[in-house]
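What follows is a short report on a single structure.
The values are calculated or read from the model by the stated rules, or taken from the named source; none is laboratory data. Everything numeric here is computed off the predicted structure, so don't read it as measured data. For neighbour counting, all protein chains shown are included, and Cβ atoms are generated from backbone atoms with ideal geometry for every residue, glycine included. To get the accessible areas, we keep the full protein, side chains included, count just its heavy atoms, and leave off ligands, DNA and RNA. Shrake-Rupley method; radii C 1.70, N 1.55, O 1.52, S 1.80 Å.
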Amino acid sequence: MPSNKSVSDAPIAQFTNCRILRDRRLQREDLWVREGKILNPEKLFFDEKGSADIQLDCKGSIIAPGFIDVQINGGFGVDFSMATDDFKSGIDLVSQKILSHGVTSFCPTLVTSPPSVYHQVLPQISVRNGGAHGAGILGAHLEGPFISKEKKGAHPEHCIRTFEAGAFQDLLATYGSLDCVRIVTLAPEIKRSSEVIRELTKRGICVSLGHSVANLSQAEEAVQHGATFITHLFNAMLPFHHRDPGIVGLLTSDKIPAGRRVFYGMISDGIHTNPAALRIAHRAHPTGLVLVTDAIAGMGLAPGRHTLGQQVVEIDGLNTYIAGTKTLSGSVATMDACVRHFLEATGCSVETALEAASLHPAQLLGIEHKKGTLDYDSDADFLMLNDSLYVQATYIAGEEVWRQDVLGM
């Protein structure tokens, strides 16, 4: 069939001999890409009378949408909550290194910090597309400082704040700017939080509930005002109790506004959440589960002492603690490892495990029309994986940005 470039001169790539995750199942079909987008082959054949310029044999691999990590505090020695002169080179390093773990987009996350840190760091974070330089940045996730002292976890108590007289104005003064902010985690039991949630939601910022002692009715009220996410479910919140299940109860609440879905982050690293708890959450509300790494600067580094914002943390295997304590402080797990652990722990399908790291975070952020799927016209951010879900290659906008060294496979 002759190639016809009446619509575009851009080359057309055809990925063959693969199983594509589309419409919630793995399908044996080819993937067509042009100009960084997934192409509908029927339109190509019948409207344009076109064909592929490049054919790539995927040798039976799975092709899935790129992973999206909405909670990552750093990695590879870089801590996003540290106001350093070379902050930009640090964020560049992390965005480049996470490509090998299948992450094509992420939200750099800042833990509870002094206002001076937000004022220095946030202007240096800009939303940008991914590419050979690294994964795309979707905006910052600000986890704190408007959280509960009782459920501070690894967050420094002296930096925790409340919405005092000014409510939303206090939040603006603390952060300095909301230009690049995508998610804010707060405790909904704090006075005047409803006003703050409404204001953030109005600006298109996702509000997440976490580090909180909220009861179920407080959590439901927050959702009615616009909150849509729960930060690392089970961790840093009241434990489930049958008479008041707390924030966890949102998974099966009948007070969620019609047409709305509550999503919840899970750290599926085998440390933060017992496999039984992972299974309970998944079976209660499978379509809301979003895998997050909650990775800290020590991800990708040797065991020992590293920083997390204002704290020193100690890494011992997959365990990370505030130095000198047994308080868990973020993880050192990578996203691909979280996907594999989730699959093993829950016994879910491969499709379900992959969607928890791609489709669901995209839906949470309202970007599922371009990220998190392999639907026609969406961004061609995708992964090649083997049957055990180890990443073999990562593509952003249809371009290969990382490939497993053949010798290392």
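What does the extension gain come out to for GLU48 and ARG260, with contour length at 0.36 nm per residue minus their alpha carbon separation? Mind showing how you got there, number by number?
Working: separation 212, 0.36 × 212 = 76.32 nm, distance 3.98 nm.
Roughly 72.3 nm would be gained on extension.
Could you grab the Rg to Rh ratio for the range 368-409? Cα atoms only, Kirkwood for Rh.
Details: Rg = 11.7 Å, Rh = 11.2 Å.
When Rh is taken as the Kirkwood radius, the ratio is 1.05.
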Which of GLY166, GLY144, GLY102 fluctuates most in a GNM of the chain (C-alpha springs under 10 Å)? That residue is GLY166
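As a test, work out the antiparallel percent of DSSP beta bridges whose residues both lie in the chain, rounded to the nearest 5. Don't skip to the end; give the middle numbers.
Working: 36 of 70 bridges.
Approximately 50 percent, going by the DSSP bridge assignments.
Quick check for you: with a 1.4 Å probe and neighbouring chains kept, what is the accessible area per residue of the range 153-291, in Å²? Write down the numbers at each step before the final one.
Numbers: 5700 Å² over 139 residues.
Counting only protein heavy atoms, the per-residue value for the range 153-291 is 41 Å².
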For the range 29-188, the dipole about the Cα centre with charges only on Cβ (Lys and Arg +1, Asp and Glu -1), to the nearest 20 debye, works out at 240
Output for the range 16-67: GluC sites (Glu not before Pro) sitting in coil per DSSP, at most 15 other Cβ within 10 Å, listed by number, reads GLU29, GLU35
Under a Gaussian network model of the chain whose springs join Cα atoms within less than 10 Å, the largest fluctuation of THR334, THR112, THR346 belongs to THR346
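Report the local net charge at VAL184: Lys and Arg +1, Asp and Glu -1, summed over other residues whose C-beta lies under 15 Å from its C-beta.
On the way: positive: ARG161, ARG182, ARG192, ARG198, LYS202, ARG203; negative: GLU143, ASP170, ASP179, GLU195, GLU199.
My count for the surroundings of VAL184 gives +1.
I'd like the carbon and sulfur percentage of the solvent accessible area for the chain, probe radius 1.4 Å, heavy atoms only, ligands and nucleic acids excluded. Working shown, then result.
Details: 8230 of 16500 Å².
Within the chain, the accessible surface is 50 percent carbon and sulfur.
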Projecting the Cα atoms of LEU250, ILE267, PHE234 onto the charge dipole of the range 219-268, where Lys and Arg contribute +1 and Asp and Glu -1 at Cβ, the residue farthest towards the positive end is ILE267
In whole Hz, the Karplus estimates of ³J(HN,Hα) for the range 67-84 (6.51, -1.76, 1.60; θ = phi - 60°; x where Gly or Pro) are 6, 10, 9, 8, 8, 9, 7, x, x, 6, x, 9, 10, 5, 9, 10, 7, 10
Given [x] 28, 56, 15, 1; [y] 23, 54, 22, 1; [z] 21, 39, 26, 12, 2, 0 as possible values of P(r) over Cα pairs in 20 Å bins from 0, in percent, the one from the coordinates is [x]
Within the set VAL223, VAL313, VAL127, GNM on the chain using Cα springs under 10 Å gives the largest fluctuation to VAL127
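With +1 assigned to the C-beta of every Lys and Arg and -1 to the C-beta of every Asp and Glu, and no other charges, what is the dipole magnitude of the chain about the Cα centre in debye, to the nearest 20?
Values: 36 positive and 45 negative charges, 146 e Å.
Roughly 700 debye, rounded to the nearest 20.
Taking the solvent-accessible surface of protein heavy atoms with a 1.4 Å probe, what is the per residue accessible area of the range 308-395 in Å²? Mind dumping the intermediate values first?
Working: 2990 Å² over 88 residues.
Counting only protein heavy atoms, the per-residue value for the range 308-395 is 34 Å².
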Of HIS133, HIS155, ordered by accessible area with the largest first and a 1.4 Å probe, the sequence is HIS133, HIS155
Computed ³J(HN,Hα) along the range 378-390: with the Karplus parameters 6.51/-1.76/1.60, θ = phi - 60°, integer Hz and x for glycine or proline, the list is 7, 4, 7, 9, 8, 10, 9, 10, 8, 5, 8, 6, 8
